[in-house]
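A quick write-up on the structure given underneath.
Each reported figure results from applying straightforward, stated rules to the coordinates on display, with no laboratory input. This is a predicted model, so every value here is computed, not measured. Note that we place each Cβ from the backbone using ideal geometry, even for glycine, and neighbour counts take in every protein chain shown.
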Amino acid sequence: MNNFKVKNPRTDLRFEIAFTKAYREAVDSYTHPARIEAACLRAQFPAILHPIQDEDLIAGRFQMGLVGLGIQHQTGGFGFYINEEKVTAELEFKAGSAQYREDLHDLLTYWKGRNTNAVVLRNRPEAIREALPSDLWRTMPLPASPILRMAGAYIDFDKLVKIGLPGLAAEVDGYRKKAAENGGDVELFEAMLDVIALIGEVCLHYEKQARLLAMEAKDEGRREELERMAQSLAAIQAAPPKSLLEALQLVWIYGVMAPLIEFGRLDVYAGDLYVRDLASGIITEEGAVALVESLFRLIDHLDCETDGRVIVGGYGRRNPENADRMCLVAIEACRRVKEVLPQFTLRFNDSTPKPVWDAAMRCIEEGRTYPLLYNDEVLVPGVMKAFGVDRARAETYMPLGCGEIELDHYSFGTPSGSLNTLKILELAIRGGYEPMTGQQVGPATKPLVACASYGEFLTEYRKHLDYYVHAQAIFEKYEYEITGRMHPFMMVTMLYDGCLERGKAVFNGGCAFLGGTLEMYGNVNAANSLSAIKRLVFDEKTMSAEKMVEAMDRNFVGRHAELKLMRNAPKYGNDDDYVDSIFVSLHDYLNDSIKEQAPKVGLDSYLGVTINNAQNTTLGRWVGATPDGRKAGTPMANANNPAPGTDKNGVTAMLNSILKPRHDNHAGMVSNIRFTRELFTESRGKMHGLIKNYFDRGAAHAMISVVGKDDLRNAMQRPAEYRDLIVRVGGFSARFVDLKKDVQQEIYDRVTY
Amino acid sequence: MTASPTEGPKAIVYDIQRLSLNDGPGIRTTVFLKGCPLCCSWCHNPESWEQEPRLAYTDALCRFCGECARVCPTGAHSFEAEVDGKTAHRLDWSKCTACGNCVEACPYDALELCGREYSVRELLNVLSHDRPYYRIGEGGGVTLSGGEPMASFGFVEAFLERKGKLHVCLETSGYAPAEQFKRIAAMVDLFLYDWKAAPTEKHRQLCGVGNELIGANLRLLCGMGANVLLRLPLVHGVNDDEEHLKAVAALLRELPQIKGAQIMPYHALGSAKESRFGLAGQTMALANTGDGQTDLWLKELKSFGAINVFV
C-alpha cells in the first residue's frame, strides 16, 4: 500500500478494482476528458477517505490507491496511474478469491498501456528518444531522465477562502453560461460544477462522521471539538469560510481531493480570519496554534517525502499585519509538530518583524530544520530577471518541492526532468562512451586524452551538456501538451489565474505562464572533477589524461598515488577561487543554456534548479569513479554544498564558497548548513549574527540543521561525511570527527532533545 | 620558529579554527601556534607542546591501503591481519620522524602533519577569508593561541606590526620574558591571560614552572594599561582548591583593571586526542567537569570577593 499515515490502511485492492471499472464506464459514456475526470474523482471520493482520528481538529485523511487519478508521483502517481510493482506483489504474496485475482490480472493488463506515464513516454517526440531513452533513473545509468509528473500546483487558496465553494460554483456557472452563449467548452464547466458538488459531498461525509463521533465521545473536550468540526464542515458547504477553522477545513478538503502537496501562503489566506476570530473571542492564540498543528499533522500524513510546503512571510502579501500575526502562530505550530512535513518555509526580507525572525530562529535552534529560509532581497530581483516578470509578480514567488521556484497560482514550473552532470562528464571524458554499459551515447566528441587544452575539453563537455539540456526542454514542452490533451486537472484549473476566463484547462491553454524546471545533480562533483583535470592534466601536468582515465576505469584499485593527487586537487567549499570559479562558471553555463531553451521550444520559462533530495545518492550510484577522487557509485554532493568530506577549511570558508553563485538565472538553488545545538544555546547572539551576515552577503536560501543525537551517531559511523561538523566540547568547539570514539560517545550521550 | 631573509619570521601553526566563538569577542579565527614552555597536566592540546610538526593519525579514516608503509623510511607503519579477518594498521610512534612521506601518500586523509610553517604574510592571507565574519555583532577578529604563542615571539611581534586594524587577542600562559610583553602590550587588543594555580610550588607541580614570572607579567601588563581578561582553567580536585580560588579573588581585587575572569571548565578532549598523536598517557585522564560544578566554583569565587567572574 502507499505510505499514507492512516490508522487502518486498506488491506486489499478492492478500491483499485472499482476505480478501474468506473474508469472503463466513464470512457464508454463520455468523450470529454473533464467528464471522465469528474467520474474518476467520484470513484475516488469518498472511497479513499479514512476516518477522522482522535488527534484531528480538522477532518480529512486519505490514502491514494495503487491505481487512481493524481497529479504527481508523491501522491500515488501522475494522471491515471498504476503502481505495477505493488499490484504484482499483491498477486504474488496475498490470497484472494478467484474473482479477485482475475480482477487484479485484468487491472494490470488494462492499465499497462493506458496509464498516463506510459502514454506520455510512448508518444515522446522521435528527436529526443535517443537522448532520453527511459525514465528509470533509479535503476539505470542515465545522463538525463524525464520525471513524469505535473508537480508544484500552487492554487489560489486565498480566493478559495474568500469566495468559498458557493462563490466558486457561482463563478464557474457564470462562465458556463458565457460558454454556452459563445460556443465555448460548456462541458468543461459542467464537469467543474460536478466536481464542486463532489467537494460539498465530501464535506457532508465528514460532517456526518464528526457528528456521530461527537455523540460517541466520552470526553467533554473532544465532543466540543468534534461538534465544532461538524459545524465548520456544514458551514463551508453553504458559505465562504467565516472563521480560521472553516478556512483551514476548506483548504484541506480541497487540497486532499486535488490531490495537492503544496499548501500556499498560509499566513495570507488564514491571517484575516484568525485576527477576526481573536477579536471576537471565538479563538485564543493557543487555540489557533492547535488548529494549525492539526493541519500540519494532516500534511505530514501525506508522507510524500518532498513537497508538503507551507509558506509564510515575505513581500507581496495583501494583509501583512494580519499575516505576520498568523505567521507567529504557524511557526509555533511548526515548532510543536516534530514531523518531517510540512516543509515549513519562511520568506523574509528587511521588513520582516523581529518577533517573526526570532521565533523562526528559536524553531531552528531546537533542531526542527524548519523554517527553511528564503531571502526576498536576493530572490525577488533574481526571479524578476530569471522569469522575466515585473516586481509585483516576482514578489509572489513560491518555493515548491525540494526548492524549485514558481509564481503563486500563476506560473507552472513542474520539474519534469533531471540532468546528471557528473554522469555527463564521465561520458565526455570518454568521448561519449559509457563505461558501465559499453555503449556509445550522445554526441561523439573528442575524448579527454585527445584534447590539447582544458578549454578544448570544456568545449567538448559542453556539447554533451547542450545535447541533454535541449532534449529535456523539448520533453518539458511536449509533456505539457500531451498532458493538456489528456488531463484537465479541474481542481487546479479552477484556481489557477486566467483558466476560467479563457475557458481552458490549466495545461490546455489555460495557464498564463507555462514554465518548467530542470533538476541538476552532480554540478559540484563535476566542478571538482574539472578542477582536477585542469590542475593535474593541463596546468601542472602531473598526471596524463591516460593515467587519469585508467585510474578511474580501475576505480583507483592499485592507483593510490593517482587517487591522492585527484583528491588533493582544489575542491568547492574551501573558498578557493581556482575551483569555486569553475563551479560558478559551470553553474552559469548550465543555467544560461537551460534558460535559452524556453523560446526555442515555446515555453514561457525554462530554468535550472539545484535542489535537495536523495537523487544525489541515487544518481551517484550509476556514475563510475570521477576525476575528483570520488569512487564509483558513491553519493554526489547535495545541492549547493561541498562534496562530503571535501571542505576542510571550516564553516566560514564553506559559507564563502556557497555565497559565490548568482541567483538571477535559475529557479532555485538550495544550501544546507549544519550546526550542533550547543553552538546556539551557548552563543546565540553570535550564531544569529552569523546567519544574518550570510544573508546580508547575498545568500538566497538556507536550510539550517541543528544537529542532535541521530546526526552525531551517523557522524561516528561515517566520519568522512561529517568533517565539517563542529561541536562544543567543554569550553570550546572542535571538529567532531577529530574526537576519540569515547569522547564522541560522551558528547552523543550528552545531547538531549 | 625560523627566520627567512625575505619573508620575515615564521612559525609552526598546527590548527586554524574558524568560527571560534569562545576565544574573545565576536566571531574569531583562532590560530594555534606550536611550542609551549609549560606542560600542564590537564592540557587539551598536548600535540602543541613541542615546536616541531608531528604526525596525526585518524584510524576511522584508514582504508588499509598500505601506501604509508610503502613510503615510510623508518618502518613506523605496519599492517597485520587480525583473527576476525580485519586488518590492523599499527603505528610505531617511536620510529616516526614526522618526515611527512606517509601524509603525502595517504589518499584518505587518515594521516596528517600537525603543524606547518607560516610566514606572517601567508597567515594574513589565510585570515583575509574570514574578514566578513569579524564585522558580526560586537566585532570579532583573530586570537593567537597555542601552545604558547609567546614561544614564537618574533613571529607574534611581526604579525602584530603588520595586522593593521585587525582585532587581535593573545591567549597566553604569561610565561615569557617581561621585555617581550612590554614590546607587544600596546598592539594586542585583548590578552586572554591564564591563571592556573597557586601557590607557585603547586603551579610548578601541575604546569612544570612556577608562577612568579606569570604574576609579574600580569601586573606589568595591567600597569601598562593593557586590556586583560583572566582565564581560569579549573579541574575539579586538581586546582580548584580554596587557596587558589582565594588567590584569584585577591588578584582581581588587587588589579581592578582586569576586565573579568572567565572560568574554563576542564574537558577530557586532551586525553582523547592523545592517541591520534601517539601521546597516550601524557596528560591526566579525568572525567569532564560535572554538571553544576561550574556554578559551585562561581559561587565560591564570589564568596571570596571575586568580581566579574563568568563562564
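At a glance:
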| read-out | value |
| --- | --- |
| Cα-centre dipole for chain B with unit charges at Cβ (Lys and Arg positive, Asp and Glu negative), debye to 20 | 780 |
| Simple spin-label estimate for A:Ala180 and B:Ala285 in nanometres, 7 Å along Cα-Cβ | 9.0 |
| R0 of 45 Å, Cβ-Cβ distance A:Asp390-A:Asp12: FRET efficiency to nearest 0.05 | 0.25 |
| B:Ala216 paired with A:Leu193, simple spin-label distance in nm, labels 7 Å along Cα-to-beta-carbon | 10.3 |
| Amide N of the range A:622-636 lying under 13 Å from the label point, which is placed 7 angstrom from the Cα of A:Met436 along Cα→Cβ | A:622-626, A:632-636 |
| 26 Å Cα-Cα threshold exceeded, pairs from B:Lys163/B:Lys259; A:Lys385/A:Lys600; A:Lys660/B:Lys34; B:Lys165/B:Lys259; A:Lys595/A:Lys660 | A:Lys660/B:Lys34 |
| Mean separation of Cα contacts under 8 Å, 6 or more apart, over the residue count of chain A: relative contact order % | 12 |
| Pairwise centroid distance, computed over Cα atoms, of the range A:211-257 with the range A:577-611, Å | 47 |
| Residue mean of other protein chain beta carbons inside 10 Å, A:654-667 | 1 |
| Residue-averaged beta-carbon neighbours from other chains (10 angstrom radius) around A:404-413 | 0 |
| Dipole in debye (nearest 20) - the protein assembly as shown, about Cα centre, beta carbon charges: Lys, Arg +1; Asp, Glu -1 | 1140 |
| Alpha-carbon radius of gyration plus Dmax, which is the widest Cα pair, for chain A in Å | 26.5, 82 |
| In nm, spacing of pseudo-spin labels at A:Lys86 and A:Lys446 (7 Å Cα→C-beta vector) | 5.2 |
| R0 of 41 Å, Cβ-Cβ distance B:Lys259-B:Arg116: FRET efficiency to nearest 0.05 | 0.75 |
| Full-stretch length increase - A:Arg621, A:Arg24 - with 0.36 nm per residue and alpha-carbon distance subtracted | 210.9 nm |
| Whole-number percent relative contact order across the range B:54-114, with pairs defined as alpha carbons under 8 Å at least 6 apart | 46 |
| Sites A:Asp54 and A:Glu501, calculated FRET efficiency, Cβ-Cβ separation with R0 45 Å, nearest 0.05 | 0.55 |
| Positive dipole terminus of the protein assembly as shown, leading residue within A:Trp622, A:Thr396, B:Tyr108 (C-beta point charges) | B:Tyr108 |
| Of A:Leu121, A:Thr109, A:Ala59, farthest towards positive along the dipole that unit charges on Lys, Arg, Asp, Glu beta carbons give the range A:14-128 | A:Leu121 |
| Listed peptides A:125-135, B:66-76, B:224-234 by packing density, highest first (mean Cβ within 10 Å) | B:224-234, B:66-76, A:125-135 |
| Whole-angstrom gap from the range B:230-265 to the range A:77-103, using each part's C-alpha centre | 75 |
| Protection proxy ranking of A:369-382, A:108-121 - average other beta-carbon atoms within 10 Å, highest first | A:369-382, A:108-121 |
| Positive-pole candidate from B:Pro177, B:Asn308, A:Ser705, dipole of the protein assembly as shown, charges at beta carbon | B:Pro177 |
| Chain lengthening between B:Asp92 and B:Glu138 when straightened (0.36 nm per residue, less Cα-Cα) | 11.8 nm |
| Average beta-carbon neighbours from other chains, 10 Å sphere, peptide B:16-27 | 6 |
| Segment A:Asn714-A:Lys354, length gained on full extension (0.36 nm per residue, minus Cα span) | 126.1 nm |
| Rounded Å value of the spacing that divides the Cα centres of the range A:356-386 and the range A:150-187 | 33 |
| Folded to 0 to 90 degrees: helix A:157-182 orientation relative to chain A principal axis, Cα | 70 |
| Spin-label proximity, B:Glu201 to the range B:219-243 - amide N less than 19 Å from point 7 Å beyond Cα toward beta carbon | B:238-243 |
| Cross-link pairs B:Lys182/B:Lys246; B:Lys10/B:Lys182; A:Lys423/A:Lys631; A:Lys162/A:Lys242; B:Lys86/B:Lys273 - those with Cα-Cα distance over 18 Å | B:Lys182/B:Lys246; B:Lys10/B:Lys182; B:Lys86/B:Lys273 |
| Cβ charges +1 (Lys, Arg) and -1 (Asp, Glu), total dipole of the range A:14-128, debye | 320 |
| All lysines inside 23 Å of A:Lys21 as judged from Cα atoms, apart from same-chain residues fewer than 8 positions distant | A:Lys86, A:Lys94, A:Lys112 |
